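Readers should treat all values here as calculations from the given coordinates under stated rules, not as data from a laboratory. What you see is a predicted model, and the numbers here were worked out from it, not measured in a lab. All Cβ positions, glycine included, derive from the backbone under ideal geometry; neighbour counts span all protein chains shown.
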């Protein structure tokens, strides 16, 4: 490395090397403005540095006496090329603009070449071995950044060059570059990018200027690198391309995912699983559609956020965009299916007919697969009449009234004010049910004990036919009578007279009872069908809950885990130490082989 001695030339009035002519400063021009009188011998003893300053003055004047910075410093202009050793030190990774695909970095360039016009003997110039001069006073290779992105191809600060007595020139300018970097967003935010800095001579070809490694360092130096809060440096290889006319430095960086995991990934995953809860809400709940649409709007916001971060490239779909798109599509399907489920839930017997296939699949097969157990139906009335007749056939009042009249007539003779001895006080539902059973038993017992001709004939006919003579069968016979045989005594004039004594109010009551029974049967059938449609809607909800959970879980695991560096933790300090040690070891091996 060159010495750090700073040279400040002191110009004298007399120049013994130039025949008394007024010397011309090759750096500052005419020396008339920079003259200093030589000191006497006594003053020289008081200021011993004056001799060194005079040596520096003579050295600079002598070196630039016949120097021409426009000439390429090659020993043979026609056959030899100037070898420029080039090195790069990464100081700071300022920014990586994914949308515009630009990497902004602060670097130090290191250029070293041999200028045959600079050559002196240090003993003739007071032991001075090197000097520093402005870079615009010497020949400098026009090395620029080829993949520049902002139009500034040169360095930021034109520092001095250091020249030693062998003619070796070193130039270490700092620079802030904005270089184009192709961003691969396929695995965003678990992506790893390789940004390239390509340097080369703008006007000289490979026969005139050749690039080589500085001190055989085939890497980017990271000794002075300041860590980035967004990116981790993984590797820094480099290579010489285009027949030694260009040198390419690669900076492999990996994104730190903590920020995007907290801000983007976790909320998106939670919304994806939250959208499944739509199928857990009851179909009659009005918030079912509201929840799905709210999640859809939130996903749109996240899609806009990702679109602003990533470049509008059509080469590939980003990982995060894939997951958002999957969640978005599932949410759209959820809304469509929810509308269908609500439609199924509110179907009835008057609007839709339930096919047998639908009944077999959704009422018998799927509930067993999904482990859904339907509660048993509890009848509204446990009475004998409601269970046996209202659930089986429509009651015809014209058939019921003749038989019912003969049986009810004895009860009417018990008392005029309250013929059936019924307590007219308000009763609770349980008391009403108990009273209904009591009257039913009394009614059946009365039919068994009465000695009416037509009742006895009914019982005898049932016994002769081998039929059931139980009160249950007799009651059914009572309500749905068969035609009486002639000569049975049923049309006896006395019996007919008793029938006509029944008041019109009782006839109206019997008609009303038949109407109410038929209406209740219809309502019960309609309610049963509506309950079946509601149960089908619940089965569909449960089925889609399982299906969407599987799709969401599989999509989450499949998409996110497809990234190659999901669980990799990068210790930047350890990586830098490892790269430096590896590069130094490789450099030592190269030097050993070269020697």
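Quick notes on this one:
- This ranking places 75, 99 by how few other beta-carbon atoms lie within 10 Å of each, fewest first, which gives 75, 99.
- Order of 176, 71 under a 10 Å beta carbon neighbour criterion, fewest first: 71, 176
- One chain, two ends: residue 294 and residue 158. Fully extended at 0.36 nm per residue, the span grows by 43.1 nm beyond their Cα-Cα distance.
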